[in-house]
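The values are calculated or read from the model by the stated rules, or taken from the named source; none is laboratory data. No experiment lies behind these values; they were computed from the predicted model shown. Backbone-built Cβ (ideal geometry, glycine too); neighbour counts: all protein chains shown. These accessible areas exclude ligands, DNA and RNA; they are computed on the full protein's heavy atoms, side chains included. Shrake-Rupley method; radii C 1.70, N 1.55, O 1.52, S 1.80 Å.
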Amino acid sequence: QQLMFDVGKYMLMGSSRPGSQPMNLVGIWGEGVRTPWSGDYHLNINFQMMYWAAEVVNLGETTEPLRSFMKALAERGESTAQCLYGSHGWVAHGFTDAWMSGRTLGDTAWSMCVVCGAWAALHLWDSHRHSPDPALLRASVLP
């Protein structure tokens with residue numbers, strides 16, 4: 001069990017560094033241009049699971065790529081909310097990619113999850129609750 005725990009920490013440290021993309025289903029170890037799952041981000045649970053332990057194991061710095069990604073995803077998701085739903089705010093569906101598309105990607109049976117972006121953003125609030133930083137909260141969590 002300890003070995004698996006240590007491997008998980010190593011993977012988090014190795015694949016989510018400030019200035020990089022956040023972890024995806026394949027990580028930085030995906031081979032070639034066409035990786036499994038297209039190397040995308042599944043906001044319906046996988047994205048969240050990769051960061052659940054970050055603050056608990058004192059690796060909060062590994063969430064910087066997540067914060068940057070979510071900020072850009074929210075910005076791009078504004079036009080998606082307006083175009084698809086005639087709504088203010090932002091939306092991201094079940095899957096997104098390195099370009100942070102808010103539109104539905106892939107089969108709508110899987111991707112039509114209008115709350116997945118909000119669920120992914122919940123980690124930012126959890127991160128703030130673990131290490132309160134009002135400046136960071138205003139910069140990367142609050143709209």
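Below, the figures for the structure above:
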{"read-out": "Among residues of the range 94-110, those that are assigned to a loop (DSSP other than H, G, I, E, B) and touching a Gly at 6+ places or on another chain (Cβ under 7 Å), counted", "value": "1"}
{"read-out": "Search result, residues across the range 1-24 that are outside any helix (DSSP H, G or I) and in contact (Cβ under 8 Å) with a residue 12 or more places away in the chain", "value": "Ser16, Arg17, Pro18, Gly19, Ser20, Gln21, Pro22, Met23, Asn24"}
{"read-out": "Enumeration of residues in the range 111-132 that are in a loop (DSSP other than H, G, I, E, B) and open to solvent by 60 Å² or more (accessible area, probe 1.4 Å)", "value": "Met112, Val114, Val115, Ser131, Pro132"}
{"read-out": "Residue within the range 73-92 that is at pLDDT below 90 and either open to solvent by less than 10 Å² (accessible area, probe 1.4 Å) or of a type in the set (Phe, Trp, Tyr) (or both) present", "value": "no"}
{"read-out": "Qualifying residue in the range 85-99 (condition: over 15 Å from the mean Cα position of the chain (by Cα) and acidic (Asp, Glu))", "value": "no"}
{"read-out": "Identity of the residue in the range 15-68, over 23 Å from Asp107 (Cβ atoms) and basic (Lys, Arg), that ends up least open to solvent (accessible area, probe 1.4 Å)", "value": "Arg67"}
{"read-out": "Qualifying residue in the range 56-68 (condition: of a type in the set (Lys, Arg) and touching a helix residue (DSSP H, G or I) at 6+ places or on another chain (Cβ under 6 Å))", "value": "yes"}
